[in-house]
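Report on one structure; see the data block that follows.
The values are calculated or read from the model by the stated rules, or taken from the named source; none is laboratory data. None of the values given here were measured: they were computed from a predicted structure. Quick reminder, even Gly has a Cβ in these numbers, built from the backbone with ideal geometry, and neighbours come from all protein chains shown. Quick note on the areas: whole protein, heavy atoms, side chains included, nothing else; ligands and nucleic acids left out. Shrake-Rupley method; radii C 1.70, N 1.55, O 1.52, S 1.80 Å.
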Amino acid sequence: RNVLKMSSGIQIKPKTAVQKSKTSSPLSCSPEPAIKPQPKPSDKLNPKTIDPFGAYSRPPSAFAAIYAKGGIPCRLVHGSVKHKLQWECLPETVPFDPLLVTLAEGLRETKHPYTFVSKEGFKELLMVEGATEKAIPLLPRLVPVLKAALAHSDDEVFGRGLDALVQLSAVVGPSLNDHLKHLLTNLSRRLMDKKFREKITVALQKLEQYGGKATVAIIKSKIPTYCSISS
């Protein structure tokens with residue numbers, strides 16, 4: 001009723017309503033056509049996720065789009081103390097190709113729940129029986145994706161990438177050595193940052209532990225200051 005009385009403010013009120021609707025609920029399930037007079041192509045594709053920064057951000061990532069379509073067979077369960085993942089089927093039965101690569105892609109996400117689902121999903125998938133045999137053939141595709149996470153400017157994305165690299169190394173062992181050089185440049189760069197120095201040093205030591213003696217020479221070729229755990 002108020003809107004009808006205001007001749008000058010007719011257009012202003014709906015605009016503010018649109019802004020509120022975009023920012024208040026990033027996971028609104030039923031966007032109303034009246035509120036969104038000009039739906040973007042991504043809204044048709046992905047009605048469950050409205051990007052609050054849609055006007056000036058990049059289009060949804062591959063991971064976000066797949067997640068919105070139900071292509072990730074696990075979801076976030078909010079716990080009172082700690083969040084956890086609930087799988088739609090046993091992780092042992094899920095094909096690693098392409099899910100492990102997709103979850104690795106998701107490590108570059110900066111929004112909830114993608115950040116948690118990708119990090120936890122990647123870790124839990126690598127914990128299943130037979131993970132070694134399933135993960136090794138995917139290394140040529142996994143390594144560039146992890147490299148992108150390690151090159152990311154966001155500290156949390158880098159941290160998730162580093163954790164994922166160590167988890168992968170623990171599973172595939174020396175098989176990672178052939179690909180390691182591609183990943184070490186970004187670690188070398190971040191070593192300059194005091195807040196990451198200890199975390200990266202520990203990660204390198206674990207890479208050596210899982211990769212064996214050959215790993216030391218590979219690490220030293222990119223990070224000459226590295227001290228081997230066996231020296």
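Whole-Hz ³J(HN,Hα) for each residue in the stretch 79-84, computed from phi via Karplus 6.51 cos²θ - 1.76 cosθ + 1.60 with θ = phi - 60°, x for glycine and proline: what do you get?
Result, ordered by residue: x, 5, 9, 9, 7, 8 Hz.
State to the nearest 20 debye the size of the charge dipole of the stretch 94-162 about its Cα centre, where the only charges are +1 on K and R beta carbons and -1 on D and E beta carbons.
140 debye
Could you tally the net charge around Leu183, taking each other residue with its Cβ under 11 Å from the Cβ of Leu183, Lys/Arg +1 and Asp/Glu -1?
Cβ neighbours under 11 Å give a net charge of +3.
Residue-wise, which Karplus ³J(HN,Hα) couplings in Hz belong to the stretch 185-199, taking 6.51 cos²θ - 1.76 cosθ + 1.60, θ = phi - 60°, and x for glycine or proline?
Residue by residue, the stretch 185-199 yields 4, 5, 5, 4, 5, 6, 4, 5, 8, 4, 5, 10, 4, 5, 4 Hz.
Roughly how many Å² of Glu105 are accessible to a 1.4 Å probe, to the nearest 10?
60 Å²
If Rh is defined by the Kirkwood formula over all Cα pairs and Rg also comes from Cα, what ratio Rg/Rh do you get for the stretch 53-161?
Using only Cα positions, Rg/Rh for the stretch 53-161 is 0.96.
With the dipole of the stretch 141-188 worked out from charges on the C-beta (+1 for Lys and Arg, -1 for Asp and Glu) around the Cα centre, which of Ala149, Gly159, Leu180 lies farthest toward the positive end?
After comparing all options, I get Leu180.
Based solely on C-alpha atoms, express the radius of gyration and the Dmax of the stretch 101-182 in angstrom.
11.8, 34
Answer rounded, prolate or oblate for the stretch 78-123, using the Cα gyration tensor with square roots of eigenvalues a ≥ b ≥ c: rounded when a/c is under 1.5, else prolate when a/b is larger than b/c, else oblate.
Oblate.
When the solvent-accessible surface of protein heavy atoms is calculated with a 1.4 angstrom probe, in what order do Cys227, Cys89, Cys74 fall, highest first?
Order by accessible area, largest first: Cys227, Cys89, Cys74.
Using alpha-carbon positions, what is the distance between the centroids of the stretch 107-147 and the stretch 199-231, in Å?
22 Å
How do Ile229, Ile136, Ile223 stack up against each other in accessible area, from largest to smallest, with a 1.4 angstrom probe?
The ranking, largest first, comes out as Ile229, Ile136, Ile223.
Expressed in whole Å with the largest first, what are the equivalent ellipsoid semi-axes of the stretch 146-231 derived from the C-alpha gyration tensor as the square root of 5 times each eigenvalue?
After diagonalising the Cα gyration tensor, the semi-axes are 19, 14, 11 Å.
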